[in-house]
Amino acid sequence: MCTRILYETGSGSYITGRSMDWSDVEMPTDLWAFPRGMKRDGGTGPGTVEWTSAHGSVVLSVYGLATTDGINEAGLAGNLLYLVESDFGDASDRGKPTMSVGAWLQYTLDSFATVAEAVGAMADDPITMITANAPNGKPATVHLALSDASGDSAIFEFVGGRLTVHHGRDYRVMTNSPTYDQQLAINAYWDLIGGQHFLPGTINAADRFARASYNLKSSPKYTDRRAALAAVFSQMRAISTPLGMNDPEKPNISSTLWRTVIEHDARRYYFDSVINPAVLWVDVDKLDLSPGASARTLRLNDPADEGGDITARLSPAEPFPFLVP
């Protein structure tokens, strides 16, 4: 379910792109703007994590139950992707505060300004994630990618009941199964083969990882902002899975429904729909994300989506609840 890349421009800025692949074509997707100063919790009842947002954010929710993608006003971006091997551990055995997996990315964007800050705070594995099935019956087993305006990057996975973090500027590509250490090993083989000679062509996650890695390292570092954006959009479209190509037994092999592109320095968030073809964007700096401001939302993939700047179209709404069993 998805591919993520982190692209460096010729002027030293960074752009994150991701695709959302999922088997449910009707998956509801909403755009949200959340202000600083919101009191939040992990949605899992007694013993859940509680926090107050230090940073405003613009995010996408799916099914009205989980934050799956977004950027905060400090320029930190996050992308939640499917990972069937995720094992969050037993809450009773871990003895740590709990959080819905649907709140994981929102907590991160609310709390941290940089990748390094997030890695430092999460290094001791302080939280137990509680997961459940998505409304279409597929398990919400995920891993998390973070990137920031400096080009720093990290991949967070729960494997064997414990958090594993891959932190470094070289970790610029992420797909799905297998776990990230194995993906890196597989990709090392394709690096030896050389993508100009041959690349694997299926839609499975390891093949997409190899192609996305080759495309990213082969792409010029454009200094022109428009060209740099086009480079990321073209790479995300090239790695996307055509609509209708799904494996019912493997949620990580599904059609691409939408893509996002994030300009970290400009704090501009783009949404590129497959279902309702249009590129929309929000300028984070034009939103009122001050303490006390209303949360705001806009349903996406609506027939009225004609493309362009939709910052002014978000309307006040109560925040969605996070996924729980």
*Consider VAL84 carefully, then state whether it is crowded, with 16+ Cβ neighbours inside 10 Å, modelled with pLDDT under 95 and closer than 23 Å to TYR171 by Cα.*
yes
*asked:* For THR48, only one of the following conditions fails: (1) farther than 23 Å from GLN235 by Cβ; (2) surrounded by fewer than 17 Cβ atoms within 10 Å (Cβ to Cβ); (3) hydroxyl-bearing (Ser, Thr, Tyr). What is its number?
replied: (2)
*In this structure, does SER290 turn out to be of a type in the set (Ser, Thr, Tyr) and touching a Pro at 6+ places or on another chain (Cβ under 7 Å)?*
yes
*Please name all residue pairs, on different chains or six or more residues apart, with Cβ atoms under 6 Å, provided the first residue is in segment 148-160 and is touching a residue at least 40 places away in the same chain (Cβ under 8 Å) and assigned to a loop (DSSP other than H, G, I, E, B) and the second residue is crowded, with 17+ Cβ neighbours inside 10 Å and aliphatic (A, V, I, L, M).*
ASP148/LEU76; ASP148/VAL115
_Give all pairs with beta carbons closer than 6 Å in which a residue from segment 91-113 that is touching a residue at least 40 places away in the same chain (Cβ under 8 Å) and within 22 Å of ASP148 (Cα to Cα) meets a residue that is buried (at least 24 other Cβ atoms within 10 Å of the Cβ) and among the hydroxyl-bearing types (Ser, Thr, Tyr); count only pairs at least 6 apart in sequence or on separate chains._
LEU105/THR67; GLN106/THR67; LEU109/SER57
*Limited to segment 27-62, what total is found for residues that are touching an Asp or Glu at 6+ places or on another chain (Cβ under 7 Å) and on the phi > 0 side of the Ramachandran plot?*
0
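Go through ARG36, ARG18 for me and flag whichever is of a type outside the set (Asp, Glu) and in a loop (DSSP other than H, G, I, E, B).
Details: ARG18 fails: in a loop (DSSP other than H, G, I, E, B).
Step by step, each of ARG36, ARG18 is checked, and only ARG36 is of a type outside the set (Asp, Glu) and in a loop (DSSP other than H, G, I, E, B).
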*asked:* I'd like to know if segment 134-152 contains one or more residues that are within 19 Å of GLY42 (Cα to Cα), of a type in the set (Asp, Glu) and surrounded by fewer than 22 Cβ atoms within 10 Å (Cβ to Cβ).
replied: no
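Go through segment 162-177 and give me each residue that's surrounded by fewer than 16 Cβ atoms within 10 Å (Cβ to Cβ) and either over 16 Å from TYR82 (Cα atoms) or out of contact with any strand residue (DSSP E or B) (no Cβ under 8 Å at 6 or more places or on another chain) (or both). First the steps, then the outcome.
Within segment 162-177, the subset surrounded by fewer than 16 Cβ atoms within 10 Å (Cβ to Cβ) is 162, 164, 168-170.
Those that are surrounded by fewer than 16 Cβ atoms within 10 Å (Cβ to Cβ) and either over 16 Å from TYR82 (Cα atoms) or out of contact with any strand residue (DSSP E or B) (no Cβ under 8 Å at 6 or more places or on another chain) (or both): ARG162, GLY168, ARG169, ASP170.
The values are calculated or read from the model by the stated rules, or taken from the named source; none is laboratory data. Here the structure is a predicted model, which means the values were calculated and not measured. When we count neighbours, we look across all protein chains shown, and the Cβ atoms used for this are built from the backbone with ideal geometry, even at glycine.
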